[in-house]
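A.B. asks: The structure that follows is given in the form of structure tokens.
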Amino acid sequence: MDMLPVLERYGLIPAVKVSDAADAVPICEALVRGGLPVAEFTFRTPAAEDAIKRTADALPELALGAGTVLTVDQAERAVKAGAKYIVAPGFNPKVVGWCVDNGITVLPGVASGSEIEAAMGLGIKAVKFFPAEQLGGLAAIKALSGPYFEMKFVPTGGVSEKNLADYLAFPKVMACGGSWFTKEEHVAAKAWDKVEAAARTAVGITLGFEVTHVGVNASGGEDGLAIARRFSALFGWPLKDGNASAFSGSGVEVMKGGGRGANGHISVGVNNLARAKAYLEAKGVVFVPPIPGSKAAYIEEEIGGFAVHLLQK
């Protein structure tokens, strides 16, 4: 199975280092509770292989991978234990070749154009950019994306809550990796609540949910324009009149002929529409069939008499 669409859907890949394989499942359960069913166990401890096996058995739906894979032997053991994808810190042609030959998704580490070209030569569509911040961060990725416009990147190394949104805002960044979700001191203390909280915060940054405007249903054109004018008169917001609606500022839209929702609609801006839809669908949210040409995705449920739609920022 090609895991790249799955990893892109979540946008985050937590790198997990465990010394005790018994901690693996509780860590991943905490990540799942935080809205992030993804984990990459690094082969930096002898417990990695057992951790992957335990997690694969307990949480089969998890997007489970193995990281810091340096040899073909490690790749073979990881896949046999249940890893669905392989992540490497550098570009090892033997490891990448084995993964390609066996149909295993692999994210080889690159730091230069030459390594990207080597990856492309083996049919690789996405690479790990490591160590990202030390190599120039987002500016470097943007520069590399010029000549290598078909390649997608997973920056790791120096990515944190502070710069996560900036990285993910660039279309060529497929996902970001990091270990701040699962700090070693939290794992050592078995503070699974803190792992959950870190995951939830990162997911929130990734999705970027925020109310962008509220739509108010009016009974007709004159009524709609009057409502919009009143908001503008009260708060000094500029009035923008249109055929179907009138805006007062950017936060209030008045639907002249009514619209979805008994009272109107609430627009929720998101960083990535496909990712936000997938996140909500995993929670059981149902979306109505899209309107051709529309950039909004309406959920089926009305809340407090308001329809709710997602809108790409």
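A short reminder: the numbers here are calculations on the coordinates, not readings from a lab. Quick caveat: nothing in here was measured; it's all calculated off a predicted structure. Neighbour counts run over all protein chains shown; Cβ positions are idealised from the backbone, glycine included.
A.B. asks: Round to the nearest 0.05 the FRET efficiency obtained for residue 2 and residue 250 when R0 = 41 Å and r is the Cβ-Cβ distance. Don't skip to the answer; put the middle values down first.
C.D. replies: Details: r = 40 Å, r/R0 = 0.96.
Once rounded, the FRET efficiency stands at 0.55.
A.B. asks: Then there's this: Let me know the Rg and Dmax you get for the stretch 95-245 when you use only its Cα atoms, in Å.
C.D. replies: 23.2, 68
A.B. asks: What list do you get for 73, 241 if you sort them by fewest beta carbons within 10 Å?
C.D. replies: Least crowded to most crowded, the residues run 73, 241.
A.B. asks: Counting other Cβ atoms within 10 Å, which trypsin sites (Lys or Arg not before Pro) in the stretch 61-168 have at most 11 and lie in a DSSP loop?
C.D. replies: Of the trypsin sites (Lys or Arg not before Pro), the ones in loops of the stretch 61-168 whose Cβ has at most 11 other Cβ atoms within 10 Å are 162.
A.B. asks: Give me 212, 42 ranked fewest to most by other Cβ atoms within 10 Å of their Cβ, as a rough exposure proxy. All intermediate terms of the calculation are to be shown ahead of the outcome.
C.D. replies: Working: 212 16, 42 19.
So the ranking, lowest neighbour count to highest, is 212, 42.
A.B. asks: Let me ask something else about it. Provide 138, 168, 70 in ascending order of the number of other Cβ atoms located within 10 Å of each residue's Cβ, fewest first.
C.D. replies: Fewest-to-most ranking of 138, 168, 70: 70, 138, 168.
A.B. asks: Could you compute the FRET efficiency for residue 197 and residue 120, with r as their C-beta to C-beta distance and R0 at 45 Å, rounded to 0.05?
C.D. replies: It comes out at approximately 0.70.
A.B. asks: Identify all lysines with a Cα-Cα distance to residue 194 below 16 Å; exclude those on the same chain that are fewer than 8 residues away in sequence.
C.D. replies: Reachable lysines: 17, 183.
A.B. asks: Using only alpha carbon positions, build the gyration tensor of the stretch 210-312, then give the equivalent ellipsoid semi-axes as the square roots of 5 times its eigenvalues, largest first, whole angstrom.
C.D. replies: Three semi-axes, in Å: 26, 14, 11.
A.B. asks: Can you list the HN-Hα couplings for the stretch 198-208, worked out from phi with the Karplus curve (6.51, -1.76, 1.60; θ = phi - 60°), rounded to whole Hz and with x for Gly and Pro?
C.D. replies: 5, 5, 4, 4, 5, 4, x, 5, 4, 6, x
A.B. asks: Per q in 0.12, 0.14 Å⁻¹, report the Debye log10 I(q)/I(0) for the chain, using one uniform scatterer on each alpha carbon and no solvent.
C.D. replies: Summing over Cα pairs of the chain leads to -0.83, -1.01.
A.B. asks: Would you kindly state how much longer the chain becomes between residue 57 and residue 165 on full extension, computed as 0.36 nm times their sequence separation minus their alpha carbon distance, in nm to one decimal?
C.D. replies: Numbers: separation 108, 0.36 × 108 = 38.88 nm, distance 3.30 nm.
My answer for the length gained is 35.6 nm.
A.B. asks: For residue 142, give me every one of the lysines with a C-alpha distance below 22 angstrom, ignoring sequence neighbours fewer than eight places off in its own chain.
C.D. replies: Cross-link targets: 125, 128, 152, 162, 172, 313.
A.B. asks: Out of the GluC sites (Glu not before Pro) in the stretch 7-112, which ones are loop residues according to DSSP with at most 10 other C-beta atoms within 10 Å?
C.D. replies: Filter output for the stretch 7-112: 61.
A.B. asks: Something else: Give me the one-decimal nm value for the distance between modelled label points at residue 237 and residue 172, 7 Å along each residue's Cα-to-Cβ direction.
C.D. replies: Once both label points are built, they end up 3.8 nm from each other.
A.B. asks: Full extension from residue 212 to residue 301: what is 0.36 nm times the residue separation minus their Cα-Cα distance, to one decimal in nm?
C.D. replies: Once the chain is fully extended between residue 212 and residue 301, it gains 30.2 nm.
A.B. asks: Under 5 Å between amide H atoms, partner at least 5 residues away or on a different chain: which partners does residue 239 have, H built in plane at 1.01 Å?
C.D. replies: 249
A.B. asks: For the stretch 75-147, evaluate the Debye formula with one uniform point scatterer on each Cα (no solvent term) and list log10 I(q)/I(0) at q = 0.15, 0.21, 0.23 Å⁻¹, rounded to two decimals.
C.D. replies: With no solvent term, the Cα-only Debye profile gives -0.50, -0.87, -0.99.
A.B. asks: Still on this structure, please answer the following. Share of antiparallel DSSP beta bridges in the chain, in percent to the nearest 5?
C.D. replies: 35
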